[in-house]
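Everything on this sheet refers to the single structure shown next.
The values are calculated or read from the model by the stated rules, or taken from the named source; none is laboratory data. Given the structure is predicted, the values throughout are model-derived calculations rather than measurements. Please note: Cβ atoms are built from the backbone with ideal geometry, for glycine as well, and neighbour counts cover all protein chains shown.
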Amino acid sequence: MSIIIRIPGSLKEWLDNQEEAVCQGNTIQECFNYLENNFPGFCDRIIDDKGEMSNVLIFLNGENIRNMEGLDTKVNPDDEIGIIPLAAGG
Amino acid sequence: MIIDDPSSHFIFIYHPFVLMGKKYTVYQGRELTNGEVLKYWGKWIVLGNKDWLDDLAKKLDPYVEEKKIPCIKYDRNPSSNLGTTECVFMVYCDRRDRDNVWRILSRMGVKLKAWVTEKETMEMWMPGKPLMERWMKSQGFDEPTRDMIRKDAETRIGKIFDNPDMIFTGWEQ
């Protein structure tokens, strides 16, 4: 199933100079794994050495996934994942 | 009205009644308490370059005048000391109105959907949390100064969490 991921212009190098891409998976983590295959290094930018999302905020349809089930949050067709730098949330 | 004071890092869009002392943290005509702000208040985050955001501000100003959007605040320059390279544009509203506000933003071409609660922002500015620590490091404060700032933040933000029934009077980062 197709999920759309959107990132701001300042992060577009993460997606080969695009601000959005289509990915697939049943959870956020699976979507990120799909993106890793197409944009190597993508997951390393999201998850730090300690396995935490310390530099970004991730949203599913606008809702922070920290308030859901984190990377295990389930996704549905046509859902939208958004990523912004952590500092932008303050 | 757009409040663009060059001495301020932020540019604001308020309804003129805010300049007369009225609060914008209001839902259905009633001022929100600290507890309600922690539960309901937040903002849609929009990132972009300054020119695009200035243009967006002009387009959204009428919605603030019509009280469809309570308040907007955005960076004059990217907060590079916190690690951002784009300006951040924050469109504040009550969670119970956020879908209506999102529809307005969507019509203006905003695509990336990111809702951050005020509670989450406050928590990021608490002692030991990432934005507070990153900001203090960028300022080059010595450890005694950092400790003083941490205690001050804990007191100021703590009062909001500890007094849920008091009317919210704002907080400074």
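Annotations for the structure displayed:
- Near pairs, Cβ below 9 angstrom, 6+ apart or cross-chain, from the stretch B:77-89 (at the interface with chain A (Cβ under 7 Å from one of its Cβ atoms)) to any residue that is polar (S, T, N, Q) and part of a loop (DSSP other than H, G, I, E, B): B:83/A:55; B:86/B:49; B:88/B:79
- Looking only at the stretch B:112-135, and only at residues there that are in a loop (DSSP other than H, G, I, E, B) and within 12 Å of chain A (Cβ to nearest Cβ), the one that is surrounded by the fewest Cβ atoms within 10 Å (Cβ to Cβ): B:129
- Residue list for the stretch B:138-155, restricted to those being under 22 Å from the mean Cα position of the chain (by Cα) and not charged (D, E, K, R): B:138, B:139, B:149, B:153, B:155
- For the stretch A:67-90, filtering for residues that are over 11 Å from residue B:114 (Cβ atoms), part of a helix (DSSP H, G or I) and in contact (Cβ under 8 Å) with a residue 12 or more places away in the chain leaves 4.
- Subset of the stretch A:66-84 [within 11 Å of chain B (Cβ to nearest Cβ) and either closer than 12 Å to residue A:29 by Cα or at pLDDT below 95 (or both)]: A:66, A:67, A:81
- Only one of the numbered conditions (1) under 18 Å from residue B:9 (Cβ atoms); (2) in contact (Cβ under 8 Å) with a residue 24 or more places away in the chain is violated by residue B:96, and that is (1).
- Within the option set B:109, B:158, being of a type in the set (Gly, Ala, Ser), more than 10 Å from every other protein chain (Cβ to nearest Cβ), surrounded by fewer than 16 Cβ atoms within 10 Å (Cβ to Cβ) and over 20 Å from the mean Cα position of the chain (by Cα) holds for one residue only, B:109.
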